[in-house]
Every structure is written in C-alpha cells, then in structure tokens.
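The values are calculated or read from the model by the stated rules, or taken from the named source; none is laboratory data. Please read all numbers here as calculations on a predicted model, not as lab measurements. Note that we place each Cβ from the backbone using ideal geometry, even for glycine, and neighbour counts take in every protein chain shown. With ligands, DNA and RNA removed, areas are computed over all heavy atoms of the protein, side chains included. Shrake-Rupley method; radii C 1.70, N 1.55, O 1.52, S 1.80 Å.
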Amino acid sequence: QVQFVESGGGSAQAGGSLRLSCVISGRTIGLLGLGWFRQAPGKEREHVATIDWSGAKTDYANSVKGRFTISRDNAQSTLYLQMNNLGPEDSAVYYCAGNLLGEVPTDPAGMDYWGKGTLVTVSS
C-alpha cells in the first residue's frame with residue numbers, strides 16, 4: 001500500500017522557518033511527480049509547490065515564490081518543503097501528494113496519492 005506521511009509541522013513566529021518532510025513508502029518514487037498543497041479553514045485546498053519526476057522542473061504558487069523551496073531525495077524516498085519568512089497567511093494544514101504522470105498539475109483533483117497532512121501555525 002502506498003503511503004505518504006508528512007512531518008515537520010508546528011508553530012512558528014512570523015518571519016521564521018519550518019521544513020516539512022514527506023516520507024513515501026509502498027513504491028519507488030522516481031517516476032512520480034510530487035507536490036505540496038495546503039488548506040486553511042474556510043478555504044479550498046490550494047497548490048503550494050510541485051516538482052516533476054526528474055526534479056528538473058518546479059512550480060510555485062505566486063504567494064510562496066521566493067520564500068519556499070521544494071526538493072526531493074529519491075534515494076531516501078522523501079519530499080521536502082523548506083519554508084522561510086513565514087507569515088500568518090501560511091497557516092494551514094499542509095499535504096504532500098503524488099501524481100503518476102510525472103508532471104504535477106496545480107489542481108488538487110489531479111493528484112493520485114495524498115498524505116493526511118501536517119498542521120502549520122504561524123503567529124504574528
């Protein structure tokens with residue numbers, strides 16, 4: 001069974017940093033597109049950052065561009081999201097996700113695998 005398990009969420013002050021990790025088991029991840037999505041109360045789940053199967057192509061939401069960095073370590077079956085200069089607007093449950101096509105859509109409906117999420121809370 002394929003599992004995506006997030007960790008690294010927690011509380012941070014505005015301007016602070018967190019690094020999220022997602023460990024993937026049940027299959028090799030080399031051909032998967034991977035990404036991070038988030039959902040805040042009262043809002044729809046939204047794209048944060050994605051990375052294609054090769055790691056050569058990344059895509060960031062405009063709201064996080066320049067602050068967040070997505071990366072992957074296929075040997076360790078792990079996806080990362082480095083989040084810097086956090087603000088209260090970044091507070092949400094963050095989900096890691098995978099896509100069988102290798103290229104990752106920004107629409108959450110296009111993802112094939114999901115983790116259960118990790119909560120990030122940023123205070124001002």
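Under a cut-off of 17 Å between alpha-carbon atoms, report the aspartates and glutamates in cross-link reach of Lys57, not counting same-chain residues fewer than 8 places apart.
Asp73, Glu103, Asp107
Principal axis extents for the chain, Cα atoms only, whole Å, descending order, please.
Largest first, the chain extends 40, 26, 23 Å along its Cα principal axes.
Place a point 7 Å from the Cα of Lys65 along the Cα-to-Cβ direction; which residues of the stretch 1-40 have their backbone N under 20 Å from it?
Residues 34-38 qualify, since their backbone N sits under 20 Å from the label point.
Summing +1 for each Lys or Arg and -1 for each Asp or Glu, what net charge is found among the other residues whose Cβ lies under 11 Å from the Cβ of Asn99? Write out the running numbers ahead of the final one.
Details: positive: none; negative: Asp52, Glu103, Asp107, Asp112.
Combined, the nearby Lys, Arg, Asp and Glu give -4.
What is the chain's relative contact order, in percent, from Cα pairs under 8 angstrom and six or more apart in sequence?
36 percent.
Can you pull the accessible area of Asp112 for me, 1.4 Å probe, Å² to the nearest 10?
Looks like 80 Å² after rounding.
Quick one: plug the Kirkwood hydrodynamic radius of the stretch 10-66 (C-alpha pairs) into Stokes-Einstein at 10 °C, 1.306 mPa s, and report D in µm²/s.
Values: Rh = 13.5 Å.
Rounded to a whole number, D works out at 118 µm²/s.
Straight-line reach from Lys43: which lysines have a Cα under 24 Å away, not including same-chain ones fewer than 8 places off?
Lys65, Lys116
Looking at the chain as a GNM with Cα springs under 10 Å, which of Asn85, Asn62, Asn74 has the largest mean-square fluctuation?
Comparing Asn85, Asn62, Asn74 in a Gaussian network model of the chain, the most mobile one is Asn62.
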